[in-house]
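Below is one structure; the comments refer to it alone.
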Amino acid sequence: MERSTFESVYKKILPFWSEISTDDKDYICEHSVTLTYPKGTNIHAGNECSGVIFVITGSLRLYIMSEEGKDITLYRLHAGDMCMLSASCVLQTITFDVFLDAEEESECYVISGPAFSAVSERNPAVKIFALESAVSRFSDVMWVMQQILFMGIDKRLAIFLSDEVVRTGSDTIALTHEQIAKYMGSAREVVSRMLKYFSNEGIVEVSRKGVKILNKKQLRKLTL
């Protein structure tokens, strides 16, 4: 892909772009690639340096995994989002293992981790951006931990469903019970029981198409 294509995107999403030299801009673009990940592809595993990933289309899921194989979704990335935790060579203080999968077919721009790291060493603005990006995502991680540790499953499920309605703009959430449980860090059986309760209360309607929200007002009450 031509440099101009990458630059037109980076100019919009990288606040430091105007502060770095033309040579560094060229270097980042030369070490950028466009990759399309099929649904279900594992993009990043453990503490490797896969690079800085920008989502153009599609959806990615970043999660941690226990020794027993249980995973907890930390956050999801959609069009316009960036993943810095996939570039451990840029943020060397990040020593825990994270995993990144494509939830659906996703097109991404990927900047080589070593290349981005080299530019950040020459430009404090780039390093500050990398740190600020990581810190902003840690806020999402702490919110997930807070929900898991301190909230009941009814409130957690209500928050998840409400967030999905806002994100998708649709009252029908086209996810399976297994997917919802995975995103919430819970068990499918627990989610299914709570959805059945919500259904009996007239809050949702559960079908093969997913979960349809029938009473948004009552759902919002459960999030408080």
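The values are calculated or read from the model by the stated rules, or taken from the named source; none is laboratory data. Computed from a prediction, not measured in an experiment: that's the story for all the values here. So basically every Cβ, Gly included, is an ideal-geometry build from the backbone, and we count neighbours across all protein chains shown. Accessible surface is based on the protein model in full, side chains and every heavy atom, while ligands, DNA and RNA are left aside. Shrake-Rupley method; radii C 1.70, N 1.55, O 1.52, S 1.80 Å.
Structure notes:
- Number of the condition not met by Leu35 [criteria: (1) within 28 Å of Met142 (Cα to Cα); (2) open to solvent by 50 Å² or more (accessible area, probe 1.4 Å)]: (1)
- Taking each residue of the range 154-169 that is within 16 Å of Ser199 (Cβ to Cβ) and looking for partners that are polar (S, T, N, Q) with beta-carbon atoms closer than 8 Å, six or more apart or interchain, yields Ala158/Thr223.
- Checked against the criterion of being farther than 26 Å from Val166 by Cα and touching a strand residue (DSSP E or B) at 6+ places or on another chain (Cβ under 8 Å), the range 72-79 has no qualifying residue.
- Tally, over the range 130-172, of residues that are buried (at least 16 other Cβ atoms within 10 Å of the Cβ) and under 30 Å from Ser112 (Cβ atoms): 6
- Residues located in the range 92-109, provided they are in contact (Cβ under 8 Å) with a residue 40 or more places away in the chain and open to solvent by 10 Å² or more (accessible area, probe 1.4 Å): Ile94, Thr95, Phe96, Asp97, Phe99, Asp101, Glu103, Glu104, Glu105, Glu107, Tyr109
- Ser86 in contact with a helix residue (DSSP H, G or I) (Cβ under 9 Å, 6 or more places away or on another chain) and either open to solvent by less than 20 Å² (accessible area, probe 1.4 Å) or more than 27 Å from Glu164 (Cβ to Cβ) (or both): yes
- Residues within the range 47-60 that are open to solvent by less than 10 Å² (accessible area, probe 1.4 Å) and at positive phi, tallied: 1
- Every listed requirement among (1) small (Gly, Ala, Ser); (2) touching a helix residue (DSSP H, G or I) at 6+ places or on another chain (Cβ under 6 Å); (3) crowded, with 19+ Cβ neighbours inside 10 Å is met by Ala125 save one, (3).
- Within the range 160-182, the set of residues being in contact with a Gly (Cβ under 7 Å, 6 or more places away or on another chain) and not polar (S, T, N, Q) comprises Ile173, Ala174, Leu175.
- Selection within the range 46-86 - touching a Phe, Trp or Tyr at 6+ places or on another chain (Cβ under 6 Å) and closer than 25 Å to Glu121 by Cα: Val52, Phe54, Met82
- The residues of the range 61-96 that are on the phi < 0 side of the Ramachandran plot, assigned to a loop (DSSP other than H, G, I, E, B) and either within 15 Å of the chain's Cα centre (by Cα) or modelled with pLDDT of 85 or more (or both), listed by number, are Ala79, Asp81, Met84, Leu85, Ser86.
- The C-beta contact set for the range 1-23 (first residue surrounded by fewer than 14 Cβ atoms within 10 Å (Cβ to Cβ), second residue assigned to a loop (DSSP other than H, G, I, E, B), distance under 8 angstrom, 6+ apart or interchain) comprises Ile13/Gly80; Glu19/Asn123.
- The residue that is modelled with the lowest pLDDT, among those in the range 15-54 that are assigned to a loop (DSSP other than H, G, I, E, B) and either out of contact with any strand residue (DSSP E or B) (no Cβ under 9 Å at 6 or more places or on another chain) or among the hydroxyl-bearing types (Ser, Thr, Tyr) (or both), is Asn47.
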